[in-house]
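Chemist: Below: one structure in structure tokens.
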Amino acid sequence: MTSLFSLSLALLSLSFLTTAVAAPQFTFQEATIESIHLAFAQNRLTSRQLVDFYLDRIQTLNPSLRCVLEVNPDALDQADEADRLRAEAGGSGTLGGLHGIPVLLKDSIGTDDKMNTSAGSYALLGARVARDAFVVERLRSAGAVILGKASMSEWYSLRSPEMPRGWCARGGQGLNPYVESENPCGSSTGSAIAVAANLVTVSLGTETDSSIICPADHNSVVGFKPTVGLTSRAGVILISPHQDSIGPISRTVSDAVYVLDVIVGFDPRDEATGEAAKSIPTGGYKQFLREDGLSGKRLGIVRNPFSDSKGSTAASIFDQHLVTFRNNGATLVDNLEIENIDIILNPYQSGEMALLLAQFKHNLNEYLGGLSNSPVKSLAEVIAFNSNNPDLEKMEEYNQDGLIAAQMTNILDEEVVKAEHMMKKLSEEGFEKLMKENELDAMVTLGSNAATVPALGGYPALTVPAGYEDNGMPFGICFGGLKGSEAKLIEIAYSFEQATRMRKPPLSLSSEFHYQYYE
């Protein structure tokens with residue numbers, strides 16, 4: 001029997017289609033980079049109009065969604081400059097790949113401008129970075145408009161185990177635009193919510209373990225966590241150089257790839273990029289946006305224990321998608337098991353928590369030491385700031401036991417060194433063995449719980465919207481691959497997306513798609 005929710009989605013999709021066909025004007029909702037650039041070329045849209053639209057939506061919706069911490073005061077000036085340069089170029093094709101495209105940045109990605117970079121904490125308000133993060137330099141060079149900073153789980157949720165995902169002192173609790181009472185996940189919460197709610201074209205998130213994949217999954221958007229080192233972490237507040245990666249969050253796979261092409265590359269300030277850059281294909285990643293990308297691929301289906309947390313609707317839709325994989329030419333190896341999966345998924349048994357706490361302290365102290373005008377210069381001073389400002393940081397609601405635990409570590413401790421070796425061994429004997437012995441192009445799982453598996457070893461992962469539970473809660477399918485396998489993951493994910501087209505905008509926000517220029 002067709003559910004009321006499914007019927008509503010169908011009617012909403014039909015109304016969007018009718019609007020797009022009937023009107024020659026540019027359609028702002030669900031706008032892609034390709035459609036925006038086409039509208040620019042046809043003089044149906046300016047960068048300023050696009051930024052105005054997003055700023056209007058942020059002003060209207062952000063008070064409830066709480067996904068944007070601050071808007072870039074120079075965003076409109078950047079948009080005007082993009083329009084001026086486009087007029088000067090006159091269609092010569094010399095503009096960057098993201099020219100005039102608004103991008104929202106997670107609040108841990110440094111920008112040398114009027115905005116803060118605070119990891120969601122009041123402790124870093126007013127601190128200035130020495131220069132833009134490498135990925136921000138790349139965005140600006142490609143012509144992107146930096147729209148603002150997205151909210152996040154404060155200090156990547158390391159502050160306290162009591163703190164809910166998506167909460168930070170500066171912004172409060174980010175809300176899932178599909179089901180307000182459900183978990184929006186973190187830590188790149190605001191980056192995913194804003195894209196899902198059409199408050200920006202694309203965004204950047206960071207991931208140590210699940211921080212891009214989980215919020216993208218829970219908010220029905222595409223999340224792409226590249227191989228560690230494929231994107232530079234220079235100028236970003238880090239947890240772990242062994243696991244941290246910066247990647248795009250978008251409404252489509254193609255938009256994610258457009259952003260990825262811009263932000264990848266060698267950076268002498270991040271030694272991990274030296275090896276990873278060798279896997280970047282000549283001509284970039286857009287060439288792998290192929291509708292027949294599933295053809296000839298060998299996919300490993302891992303159900304246990306990742307399907308257990310999902311409802312019967314998700315499990316049923318997942319099985320339908322497996323048929324889609326086969327019908328599009330993929331070979332499936334079903335019901336695979338990952339060795340030591342229970343240990344891998346337990347951060348205290350795998351060694352992940354011990355390593356992350358020690359690396360977080362070490363990296364944060366190094367990052368804070370490079371700031372100017374900063375209220376705090378070390379993790380110890382962050383802890384003191386929180387204690388001295390209990391109202392600002394809501395200390396009565398959420399403690400800072402995680403920060404205190406990190407402060408007590410030393411990166412040279414024997415336990416930390418052993419933890420790193422343990423994680424490497426688990427990855428080699430688990431995920432890597434699974435992929436190689438079964439000659440897989442990708443591991444396929446339902447939902448986001450499997451994100452930890454590629455995260456431990458710095459492998460890439462990509463999640464694509466796959467459906468909705470009976471209550472409207474989104475879920476995705478996660479594709480994981482070996483290091484440097486981004487091209488294969490793109491082919492697989494894009495082909496799946498084009499064959500299913502599962503993403504729908506949040507129903508509760510559908511009536512908000514309006515704009516003064518075209519009313």
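Chemist: Cβ-Cβ distance below 8 Å, separation of 6 or more or different chains: which pairs start in the range 72-100 with a residue that is at pLDDT below 95 and end on one that is assigned to a loop (DSSP other than H, G, I, E, B) and open to solvent by 60 Å² or more (accessible area, probe 1.4 Å)?
Modeler: A89/L95
Chemist: While we're here: Could you list, in sequence order, the residues of the range 317-336 that are polar (S, T, N, Q) and over 16 Å from N438 (Cβ atoms)? Walk me through it before giving the result.
Modeler: Narrowing the range 317-336 to residues polar (S, T, N, Q): 320, 324, 327-328, 331, 335.
Answer for the range 317-336, where residues must be polar (S, T, N, Q) and over 16 Å from N438 (Cβ atoms): Q320, T324, N327, N328.
Chemist: Residues K361, K310, K377, K394: which one is surrounded by 20 or more Cβ atoms within 10 Å (Cβ to Cβ) and of a type in the set (K, R)?
Modeler: Details: K310 fails: surrounded by 20 or more Cβ atoms within 10 Å (Cβ to Cβ); K377 fails: surrounded by 20 or more Cβ atoms within 10 Å (Cβ to Cβ); K394 fails: surrounded by 20 or more Cβ atoms within 10 Å (Cβ to Cβ).
Residue meeting the stated conditions: K361.
Chemist: If you don't mind, another one. State whether one or more residues within the range 221-229 are assigned to a loop (DSSP other than H, G, I, E, B), open to solvent by less than 10 Å² (accessible area, probe 1.4 Å) and closer than 27 Å to G369 by Cβ.
Modeler: Yes, the range 221-229 contains a residue that is assigned to a loop (DSSP other than H, G, I, E, B), open to solvent by less than 10 Å² (accessible area, probe 1.4 Å) and closer than 27 Å to G369 by Cβ.
Chemist: Also, quick follow-up: State the number of residues belonging to the range 100-140 that are open to solvent by 10 Å² or more (accessible area, probe 1.4 Å), within 19 Å of P73 (Cβ to Cβ) and not in a loop (DSSP other than H, G, I, E, B).
Modeler: Residues meeting the conditions: 2.
Chemist: Moving on. If I filter the range 30-47 down to residues being part of a helix (DSSP H, G or I) and of a type in the set (A, V, I, L, M, F, W, C), which single residue comes out as surrounded by the fewest Cβ atoms within 10 Å (Cβ to Cβ)? Even if it seems obvious, please write down each step before you answer.
Modeler: Here is the first cut: in the range 30-47, the residues part of a helix (DSSP H, G or I) are 33-41, 47.
Then keep just the ones that are of a type in the set (A, V, I, L, M, F, W, C); that gives 33, 36, 38-41.
Values: I33: 23, I36: 22, L38: 13, A39: 20, F40: 22, A41: 11.
Looking at residues that are part of a helix (DSSP H, G or I) and of a type in the set (A, V, I, L, M, F, W, C), I get A41.
Chemist: Pick out the one residue from T27, T2, T19 that is at pLDDT below 55, at negative phi, assigned to a loop (DSSP other than H, G, I, E, B) and of a type in the set (S, T, N, Q).
Modeler: T2 is the lone residue from the list that is at pLDDT below 55, at negative phi, assigned to a loop (DSSP other than H, G, I, E, B) and of a type in the set (S, T, N, Q).
Chemist: Continuing with the same structure: Considering every residue within the range 488-498, establish whether at least one is among the small types (G, A, S) and at pLDDT 95 or above. Show your work before the answer.
Modeler: Taking the range 488-498 as the starting set, the residues that turn out to be among the small types (G, A, S) are 493, 495.
Then drop every residue that is not at pLDDT 95 or above, which leaves 493, 495.
Checked the range 488-498: at least one residue is among the small types (G, A, S) and at pLDDT 95 or above.
Chemist: Still on this structure, please answer the following. Just the residues that are among the basic types (K, R) and part of a helix (DSSP H, G or I), please, taken from the range 349-393. Talk me through it step by step, then tell me what you get.
Modeler: Looking only at the range 349-393, we keep the residues that are among the basic types (K, R), and these are 361, 377.
Across the range 349-393, the qualifying residue is only K361.
Residues are listed down the side, and each one gets a yes or a no for (1) at pLDDT 95 or above; (2) among the β-branched types (V, I, T); (3) surrounded by 24 or more Cβ atoms within 10 Å (Cβ to Cβ):
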position: N219; (1), (2), (3): yes, no, yes
position: T231; (1), (2), (3): yes, yes, yes
position: P268; (1), (2), (3): yes, no, no
position: A272; (1), (2), (3): yes, no, no
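Chemist: Is there any pair linking a residue in the range 410-421 that is more than 16 Å from P241 (Cβ to Cβ) and touching a residue at least 60 places away in the same chain (Cβ under 8 Å) to one that is part of a loop (DSSP other than H, G, I, E, B) and open to solvent by less than 60 Å² (accessible area, probe 1.4 Å), with Cβ under 7 Å and at least six apart or on different chains, and which?
Modeler: What qualifies is K418/G351.
Chemist: With (1) within 30 Å of K286 (Cα to Cα); (2) of a type outside the set (A, V, I, L, M, F, W, C); (3) crowded, with 21+ Cβ neighbours inside 10 Å as the list, and G97 as the residue in question, which single condition is left unmet?
Modeler: (3)
Chemist: What pairs come up if the first residue lies in the range 254-278 and is touching a residue at least 40 places away in the same chain (Cβ under 8 Å), the second is open to solvent by 30 Å² or more (accessible area, probe 1.4 Å) and among the polar types (S, T, N, Q), and their beta carbons are under 9 Å apart, counting only those six or more places apart or on different chains?
Modeler: As it stands, the answer is S254/T32; D255/T32; Y258/T32; V262/S141, since those pairs meet every condition given.
Chemist: Of the numbered conditions (1) under 27 Å from the mean Cα position of the chain (by Cα); (2) open to solvent by less than 50 Å² (accessible area, probe 1.4 Å), N389 satisfies every one except a single condition; which is it?
Modeler: (1)
Chemist: Do we have any residue at all in the range 457-479 that's farther than 27 Å from P506 by Cα, surrounded by fewer than 24 Cβ atoms within 10 Å (Cβ to Cβ) and touching a residue at least 12 places away in the same chain (Cβ under 8 Å)?
Modeler: From the range 457-479, those farther than 27 Å from P506 by Cα are 457-460; that's our starting set.
Now narrow it down to the ones that are surrounded by fewer than 24 Cβ atoms within 10 Å (Cβ to Cβ): 457.
If we keep only those that are touching a residue at least 12 places away in the same chain (Cβ under 8 Å) too, we end up with 457.
Within the range 457-479, one or more residues are farther than 27 Å from P506 by Cα, surrounded by fewer than 24 Cβ atoms within 10 Å (Cβ to Cβ) and touching a residue at least 12 places away in the same chain (Cβ under 8 Å).
Chemist: Here is a follow-up. Consider V417 carefully, then state whether it is assigned to a helix (DSSP H, G or I), surrounded by fewer than 19 Cβ atoms within 10 Å (Cβ to Cβ), at negative phi and among the hydrophobic types (A, V, I, L, M, F, W, C).
Modeler: yes
Chemist: While we're looking at this one, here's another question. I'm checking my understanding of the structure. Among residues of the range 435-447 that are in contact (Cβ under 8 Å) with a residue 60 or more places away in the chain and open to solvent by 10 Å² or more (accessible area, probe 1.4 Å), which one is nearest to the chain's Cα centre (by Cα)?
Modeler: The initial filter retains those residues of the range 435-447 that are in contact (Cβ under 8 Å) with a residue 60 or more places away in the chain, namely 435, 438-447.
Adding the requirement that they be open to solvent by 10 Å² or more (accessible area, probe 1.4 Å) leaves 438-441.
Details: N438: 29, E439: 28, L440: 25, D441: 22 Å.
In this case the residue turns out to be D441.
Chemist: Separate question: Any idea which residue in the range 63-83 is nearest to Q49 (Cα to Cα), counting only those that are open to solvent by less than 30 Å² (accessible area, probe 1.4 Å) and part of a helix (DSSP H, G or I)?
Modeler: The qualifying residue nearest to Q49 (Cα to Cα) is A79.
Chemist: Write out, first by first residue and then by second, each pair whose Cβ atoms fall under 6 Å of each other, whose residues are 6+ apart or on separate chains, and whose first residue, in the range 42-53, is under 13 Å from T201 (Cβ atoms) while the second is of a type in the set (G, A, S).
Modeler: L45/A39; S47/A79; S47/A82; S47/G100; V51/A75; V51/A79
Chemist: Mind telling me which of the residues S210, S187 ends up being open to solvent by 10 Å² or more (accessible area, probe 1.4 Å), hydroxyl-bearing (S, T, Y), farther than 16 Å from Y468 by Cα and under 10 Å from the mean Cα position of the chain (by Cα)?
Modeler: On the way: S187 fails: open to solvent by 10 Å² or more (accessible area, probe 1.4 Å).
Checking each option against the conditions leaves just S210.
The values are calculated or read from the model by the stated rules, or taken from the named source; none is laboratory data. Since the model is a prediction, treat every value here as computed from it, not as a measurement. For neighbour counting, all protein chains shown are included, and Cβ atoms are generated from backbone atoms with ideal geometry for every residue, glycine included. The accessibility values were calculated without ligands, DNA or RNA, using every heavy atom of the protein model including side chains. Shrake-Rupley method; radii C 1.70, N 1.55, O 1.52, S 1.80 Å.
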